[in-house]
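Encoded as structure tokens, the structure appears first; notes follow it.
Values in this text are rule-based calculations from the coordinates and carry no lab data. Predicted, not measured: the structure shown is a model, and the values here were computed from it. Here the Cβ positions follow ideal geometry from the backbone for every residue, glycine too, while neighbour counts run over all protein chains shown.
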Amino acid sequence: MLAQVGLPAPDFVMPSTKDATGPQDLGKEVSLAGYRGKWLVLFFYPLDFTFVCPTEIRAFSDRRDEFQEFDADILGCSTDSVFSHWAWLNTARENNGIPGTRYPLAADFTKETARAYGVLDESSGAARRGLFIIDPESRLRYAVVTDDAVGRSVDETLRVLQALQTGGLCPANWRPGAELVSV
């Protein structure tokens with residue numbers, strides 16, 4: 001099933017860096033079912049050890065507590081292996097590393113999940129830069145895919161998450177606390 005806003009999100013089970021304290025702990029699976037009952041911000045990025053990707057991963061990590069205030073978890077994903085993720089997590093920031101990342105990175109090494117979410121670049125085998133917000137009932141509520149050269153906005157992701165959680169009609173440029181559209 002290909003991801004479509006308003007429909008159930010494509011299921012996934014992938015190895016990850018979740019709860020890993022060393023290479024021996026790598027591979028704990030993350031699944032869509034494991035996030036049921038919470039909001040999930042699932043984002044795909046092209047490859048580990050690249051240049052725009054660490055800026056996004058750090059930005060989401062720096063703001064993780066804000067997402068948790070809105071009952072949302074974050075899961076990053078690429079088509080790299082968990083071993084590549086682990087190496088990147090243990091590379092110093094000055095060497096373009098992402099130490100201290102506060103959410104798991106999933107390894108879609110089979111490329112099944114990136115394909116199901118419509119972000120797999122079949123020619124390179126890497127995921128495109130895609131972001132999906134999935135509600136507590138596992139329904140896909142928001143999807144955006146951008147050019148690999150453009151990083152995503154954490155502010156916009158938080159704004160959309162809060163808008164979705166209102167359950168109402170949010171006009172253009174809506175901000176938390178602003179009026180909803182009434183019909």
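Tabulated results
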quantity	calculated
Percentage relative contact order, segment 1-152, counting C-alpha pairs under 8 Å, at least six apart	32
Backbone HN-Hα couplings from phi across segment 156-165 [Karplus 6.51/-1.76/1.60, Hz, Gly and Pro as x]	5, 4, 5, 4, 5, 4, 5, 4, 4, 6
Cβ-Cβ FRET estimate between D19 and F49, R0 fixed at 25 Å, reported to 0.05	0.65
Per-residue [θ]222 nm for the chain (sum of -39500 (n - 2.57) over DSSP H runs n ≥ 4, rounded to 500)	-6500 deg cm²/dmol
Separation between Cα centres of segment 40-76 and segment 124-152, rounded to whole Å	11
Listed residues D62, D73, D48, most fluctuating in the chain (Gaussian network, C-alpha, under 10 Å)	D62
Largest to smallest principal axis extent of the C-alpha atoms in segment 13-152, angstrom	38, 34, 26
